[in-house]
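Below: the structure, in structure tokens.
Values quoted throughout were computed directly from the atomic coordinates according to the rules given, and no laboratory measurement underlies them. These numbers were taken from a predicted model, which means no experiment stands behind them. FYI the Cβ positions are ideal-geometry reconstructions off the backbone, even for glycines, and counts take in every protein chain you see.
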Amino acid sequence: MSQILLFFQDQILGMRWLNKLIGSILTSIGLNIDEKIGGMLHFFIYDSIKIFILLSVLIYIISYIQSYFPPEKTKKILGRFYGIWANILGALLGTVTPFCSCSSIPIFMGFTSAGLPLGVTFSFLISSPMVDLGALILLMSIFGWKVAVLYVIAGLIISVVGGRLIEKLGMDDQVADFIKQTDNVDVGFVSLTVKDRRNFAKEQVIETVKKVSIYIFV
């Protein structure tokens, strides 16, 4: 098992094969990758290609998964559970939903106005921008699977404990009235075909790569 994880970390996520390939190409054109210029080019080309490949594959897979969890569906799923199990589910759903810290706020307002327990919505709110599948894979590629798993476990624990603490403190009265009175319109689910989900995932890859490509190169 450890050998399989090591292979996955080194060859799939770390792309050691790509490192060797780029090194061989640079060496064949007369560059010494053990010297400063050769080493710099080797690092830049290898890391840039690796990051773009990982980023594209991860965004595609995660976006495809996320297409199954629109806000309305997430709200209905959370509404079926109570107690600590609801907090755990809220934290877990936060890891696979496409909401960043900005979009999580209006989602939180919608959940609150729909009558979901405040502690459950906070477990979701904490987990959503903090823990996600992309972070897990990228951490595995850089620091190894142990660090990645510890990060995810710590994030989920913080989300569940934070939500339970807020619920136990009875802080519902601290929520502003305008949030409780926010119109909550259930627009229903849009049934997506496999082709629709693939197109959605492709669009997310293209849009995200365009936004971050310059920063990756810098």
*asked:* I want the local charge near residue 119. Using Cβ-Cβ distances under 13 Å, sum +1 for each Lys or Arg and -1 for each Asp or Glu among the other residues.
replied: 0
*asked:* Taking a virtual spin label 7 Å from the Cα of residue 17 along the C-beta vector, which residues in the range 40-56 bring their backbone nitrogen under 19 Å of it?
replied: 46-56
*Which value in nm describes the separation of the simple spin-label points at residue 65 and residue 203, placed 7 Å from the Cα toward the beta carbon?*
2.1 nm
_Neighbourhood charge, 13 Å Cβ-Cβ cut-off, centred on residue 82 and excluding it, Lys, Arg +1 and Asp, Glu -1_ = +1
*asked:* Which lysines, if any, have their Cα less than 23 Å from the Cα of residue 50, not counting same-chain residues under 8 positions apart?
replied: 20, 36, 146, 202, 210, 211
